[in-house]
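Okay, structure first, notes after.
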């Protein structure tokens, strides 16, 4: 039974992983939210809503492998509803939720209750991941089987490494039997300590405790070796240095089952962008020197980096208004990811939509165990309309997240998500 | 200070020299053999004090000259503009206690500078008497302070500006009265 | 009169322009002359209030600012937050609100976290003077060091100063070397590899031993205070070894005397660590002059800054 009006998306150009070329075509979505026709000059059914996509690109919905929605437990920062609104404004139609809720999602029942909340509160699919260790404390293994049976896409201690190599080994050995993906926040706490920014000239100039690159690189090497030893599938979250990436490349050449992700901010910002102790630029891992950023961009293009993931980590402006050392790590990223990448790379011709769709839509879905989405006849409608000639102002007023804290605040990014189609729904962005 | 103005020369170098001589005569007459010290207010008050002291040396009277920077004693600190005061510092290398002090400034106007100078002077000791000598008294006092020795009294309006130039400080010599062109906007 | 942009806060040395530095250093001279009078006070800041806000105990710096403010006739309120009740970063904004209500014209702040004075400055019309924040900056220390060095070396340009000790964690080293560089004074550092910043810092020449120091012929040796509580065991093997490697002992003092090098130290001195007892009596020690100049420089700074509290 059709639940909505049919919609005809007219005069747009369709992007896909198949080619950097865009295909000019109309797209007709029926009342059940299924793409029923694609072609030039399609005639609209009588009751159809017409959506003018002249000059716009139709892009398959993005999928974000690294999102902190903060609900349950920290609803003052973000809720499932505001998180979903932010995702839709950013053209993201599916996310993996980090398990660092309060309480941490470290058992089957907690996964179930989290997913119940999602189905009640979120208009987009959100997939709850589970903890590697009980309470994310890095001491004992969490109950994998219950979480596996509830369909967690991956296990991670979210922003915390598993400090003990033996425990990490046991987690991987155990996860392997469930064919669960182990996602690792690579850091060596004994090295990063109370660090706040990349260790180097910038940390020295600001007098802030530094986080040395080796803090992440040693952890990457360790986890790769453990993965090689155990045969588990390893996903490295938020890699940030050239040397860390090199380790991944070497491991991949050796046939290791390892993948990795990078965030938009690590692709477009360097440590030099930190000004005036602006805590919106405080990330873990921290922003790195330009040479690292260049290597990450190259790895993003050549495929040694598999996935783009926003690490959407909202904190209230109040929380971020403390001194740089005390302020929490992270910022909102869901609604700026696509405009940022478009602004910096696609518009400049560095790469095309096909690459972004692969890294931010297809690959993360495959990693999480889902089929990639495409704009094709017979498929469910799951795409967004992007106007490259328009722009995205990043302001407190325009942001949909509950915590408009981002390094891009105050900037205007080239290109804009005009709206997102998800099944029979159309989420137009004013 | 860039608005158009009329400039009228009031005293030429000769007239200034006469004024200095006049001040020296008055002071010699009234101070005579007392123990006297001069203190000049930065910058041109110091020059004036030195010139008068030099003139008196001809009469066999030797008075030491100290300098006083009144910036730190002014009452208009909050109203200072973008020009920040560079402090010249004060130099009073003798005791003021129990002696007769003659304070010098080139022009007396509202009297506020002198008030600040008196505060500053007192911080250096307790003179028996303090007197004031000026080259030009242009009127418009805002507080009850009057000079004891005046070389030239000048009737002015508040809009006018009396500008003293000394060879030592300005590289030229003269006193002018500057009158800004009437602005219709009040 | 010097044409300077009005400046509200003094947060670090990096942001200062040379004319501003000259203005403060030259005004500090007449302030210092006041100390020779029996009445050391001037009414310049009468009716103004200075809040001394110290989150980290420091009797010396706090007292120095207090004396400076008193000598300008400002009213001083001392507000020391004991380290046991260290205010959590998150409540900083609340603290600022409270400070605003006190309507201070000047806030002198020391905090263990870098950048706190910047945050306070952004949220208040009062002039904020950074009296030391974390490892970041200690601008008035740098200014008093420059004043002290220029007194003994009026021809300071091209002269050389070696800073010895924990360069990495020292806000004094950071601010003073930055200022000295701006003034054309060459700076080199000597310290254990664990306490000298890695990476490239072009403005700092690294020396590796006292022999190298003396070959370099510094005009002054600037010893940093060793933070004993923080570092022993972690950054160098022990006090004895530190003293042996980096302290000024009798032999090194003799070589300094040969060179005519001055001795500087921000205080308080750890005797027997950075320096032997004997060196404390070194005729070219500027340590006490630094203290005296500290007051003069802080008076010049308070006199220079322009709070935005006067207008509504």
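Read-outs: derived from the displayed coordinates by stated rules, not from any lab. The structure displayed is predicted, hence computed values, not measured ones. We place every Cβ from the backbone using ideal geometry, glycine too, and count neighbours over all the protein chains shown.
Some observations on this one:
- In terms of surrounding Cβ atoms within a 10 Å radius of their Cβ, A:246, C:244, B:152, C:48 rank from fewest to most as C:244, A:246, B:152, C:48.
- For the residues A:356, A:50, A:167, a GNM of chain A with alpha-carbon springs under 10 Å puts the largest fluctuation on A:50.
- Residues of segment A:166-209 with an amide N closer than 19 Å to a point placed 7 Å from the Cα of residue C:234 along the Cα-to-Cβ direction: A:188-200, A:203-209.
- Part-to-part distance (alpha-carbon centres) for segment C:253-286 and segment C:1-52, which is given in Å: 29
- Cα centroids of segment A:18-87 and segment A:130-209: 33 Å apart.
- The simple spin-label model puts a point 7 Å past each Cα toward its Cβ; for residue C:254 and residue C:122 those points are separated by 5.6 nm.
- Taking 0.36 nm per residue of sequence separation and removing the Cα-Cα distance, the residue B:110/residue B:43 pair yields an extension gain of 22.3 nm.
- Counted over all Cα-Cα pairs of the protein assembly as shown, pairs farther apart than 58 Å make up 30 percent.
- Separation of alpha-carbon centers, segment C:146-208 and segment A:324-369, rounded to whole Å: 43
- Neighbour-count order for C:124, A:188, fewest beta carbons within 10 angstrom listed first: A:188, C:124
- FRET efficiency for the residue A:298 to residue A:134 pair, using the beta carbon distance and R₀ = 41 Å, is estimated at 0.55.
- Mean projection of the Cα convex hull over all viewing directions, computed for chain A: 19.3 nm².
- Its residues counted as N, segment C:269-312 yields a C-alpha radius of gyration over 2.2 N^0.38 Å of 1.91.
- Stretchable slack from residue B:26 to residue B:141, in nm (0.36 nm times residue separation minus alpha-carbon distance): 39.1 nm
- In this structure, residue B:172 and residue C:284 have a Cβ-Cβ separation that, at R0 = 60 Å, corresponds to a calculated FRET efficiency of about 0.85.
- Inter-label distance, nm, simple model (7 Å from Cα along the C-beta direction), residue A:23/residue B:34: 10.8
- With the simple model of a label 7 Å out from the Cα in the direction of the Cβ, residue A:318 to residue A:243 spans 4.1 nm.
- Normalising the Debye intensity of segment C:139-290 to I(0), with uniform scatterers on Cα atoms only, and taking log10 at q = 0.14, 0.18 Å⁻¹ returns -0.60, -1.06.
- When each of A:172, C:102 is scored by the number of other beta-carbon atoms lying within 10 Å, the sequence from fewest to most is C:102, A:172.
- The protein assembly as shown - mean residue ellipticity at 222 nm from DSSP helices (-39,500 (n - 2.57) per run, n ≥ 4, rounded to 500): -9000 deg cm²/dmol
- At R0 = 45 Å, FRET efficiency that the Cβ-Cβ distance of residue A:272 and residue B:86 yields, to 0.05: 0.75
- Residue among B:95, B:176, B:86 with the largest mean-square fluctuation in a Gaussian network model of chain B, springs linking Cα atoms under 10 Å: B:86
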